[in-house]
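Enquirer: This is the structure I want to talk about, given as structure tokens.
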Amino acid sequence: MNLANKITILRIIMVFIFLVICNVDELMNNSPTLQTTWRIIGFAFIILASFTDILDGYIARKYNMVTDFGKLMDPLADKIFMATAFVMLVDKQILPGWIAVVIISREFMVTGLRLLATNKGEVISADITGKIKTLVQMVFLGVGGSIWIGWLDKDVWMNKSHWEGIVWIIFYSCVTLITVYSGISYFVRHKNLYEDA
């Protein structure tokens, strides 16, 4: 297994470590300082995981380490990362569940389209809408993580009577719209892959 693929596997491991920490922090309600420390550690793991997403692709292309395993596992690791992060925001009552369902559905539908393209000998690379979607989602997860840790006051940001609460609603609505638009654009541009079905 080459270095790029090892980094991909490492990303999956870090996501599951983050998942464990997300559940451990609930056991420390009697120690706010310790709870915050654990949450910061968990947030650090998810930041590192997002960094490896860039790193493994760069290494694979630069050093000609592109493999069939990497083509399968890299997008799968991305989906595990995104699904875990958004589900945890729902679990922590920071994000409505339907938002996570829409975003995760888009991720897996586009992955399915890419697999279909691969079976037909084509490659679907990320377009500008996909890159914007990823950037917006990363910023969103950063803000959501800050609310979870306590750097931003959760009671204020979840309160629709405060301007922060309104900003939060607008923010996750925009993220959802951009995500859906990005997904639709992939299916419109590559309709040749499935229109004969």
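The values are calculated or read from the model by the stated rules, or taken from the named source; none is laboratory data. Just so it is clear, the model here is predicted, and its values are computed rather than measured. Quick reminder, even Gly has a Cβ in these numbers, built from the backbone with ideal geometry, and neighbours come from all protein chains shown.
Enquirer: Here are Ile147, Ile170: which of them is at pLDDT 95 or above and surrounded by fewer than 17 Cβ atoms within 10 Å (Cβ to Cβ)?
Expert: It is Ile170.
Enquirer: Same structure again: Report, ordered by the first and then the second residue, all pairs with beta carbons closer than 6 Å, sequence separation of six or more or different chains, a first member in segment 130-145 that is among the β-branched types (Val, Ile, Thr), and a second member that is surrounded by 17 or more Cβ atoms within 10 Å (Cβ to Cβ).
Expert: Val136/Val175; Val136/Ile178
Enquirer: Being at pLDDT 90 or above and of a type in the set (Asp, Glu): is that true of Asp91 here?
Expert: Answer is yes for this residue.
Enquirer: Of all residues in segment 16-37 being hydrophobic (A, V, I, L, M, F, W, C) and surrounded by 20 or more Cβ atoms within 10 Å (Cβ to Cβ), which is farthest from Asp74 (Cα to Cα)?
Expert: For segment 16-37, the residue satisfying everything is Cys22.
Enquirer: Same structure again: Within segment 140-155, can you find the residues that are assigned to a loop (DSSP other than H, G, I, E, B) and of a type in the set (A, V, I, L, M)?
Expert: Leu152, the sole residue that qualifies.
Enquirer: If you don't mind, another one. Please give the number of the condition Phe86 fails out of (1) surrounded by 15 or more Cβ atoms within 10 Å (Cβ to Cβ); (2) touching a residue at least 60 places away in the same chain (Cβ under 8 Å); (3) under 30 Å from Met158 (Cα atoms); (4) not acidic (Asp, Glu).
Expert: (2)
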